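The values are calculated or read from the model by the stated rules, or taken from the named source; none is laboratory data. The shown structure was predicted, so the numbers you read here are calculated from the model rather than taken from an experiment. Glycine gets a Cβ as well: all are built from the backbone with ideal geometry, and neighbour counts include every protein chain shown.
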Amino acid sequence: MENESKKSSAIFEILKALIIAVILSLVLVLIAALVIKLFNLSDGIIPIINQVIKGVSILLGCLIAIKSKTNSWLRGIIIGILYIALAYVIFSLLDGKFAFGLSILNDVALGSITGMVSGILAGFKK
């Protein structure tokens with residue numbers, strides 16, 4: 001019974017982190033679009049801003065949602081990978097097209113590494 005409770009707790013933490021990260025991403029993308037428009041920034045900065053938004057979203061999602069100190073790094077990796085997949089689907093739907101390429105693998109790698117580091121940091125907080 002205790003093992004099942006731990007599993008449901010882990011699943012709840014992961015889902016909570018995903019929801020927080022996706023909502024944060026949507027808000028940050030809107031803010032970034034406004035800043036880019038207001039200050040007439042070049043299109044070359046958009047990929048950098050996108051990566052920063054993804055990293056910050058994963059970090060804050062993990063820091064807010066992960067309460068357990070055990071396997072927090074693994075939960076972070078799972079959150080990072082699931083976030084990248086979910087964000088890809090949401091933003092592709094908003095864009096109206098799904099484009100598969102090497103950049104997706106790059107996002108998954110960076111998402112999992114960011115998630116792992118974020119999970120480790122979340123495991124240290126009190």
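Observations on the model:
- Of the numbered criteria (1) among the small types (Gly, Ala, Ser); (2) surrounded by fewer than 20 Cβ atoms within 10 Å (Cβ to Cβ); (3) at pLDDT 95 or above, the one Gly80 fails is (2).
- Test: residue in the stretch 88-96 that is touching a residue at least 60 places away in the same chain (Cβ under 8 Å) and within 16 Å of Leu15 (Cβ to Cβ): yes
- Within the set Gly44, Gly61, the sole residue that is part of a helix (DSSP H, G or I), surrounded by 14 or more Cβ atoms within 10 Å (Cβ to Cβ) and not polar (S, T, N, Q) turns out to be Gly61.
- Residues located in the stretch 109-123, provided they are in contact (Cβ under 8 Å) with a residue 24 or more places away in the chain, more than 14 Å from Val52 (Cα to Cα) and either surrounded by fewer than 16 Cβ atoms within 10 Å (Cβ to Cβ) or among the β-branched types (Val, Ile, Thr) (or both): Val117, Ile120
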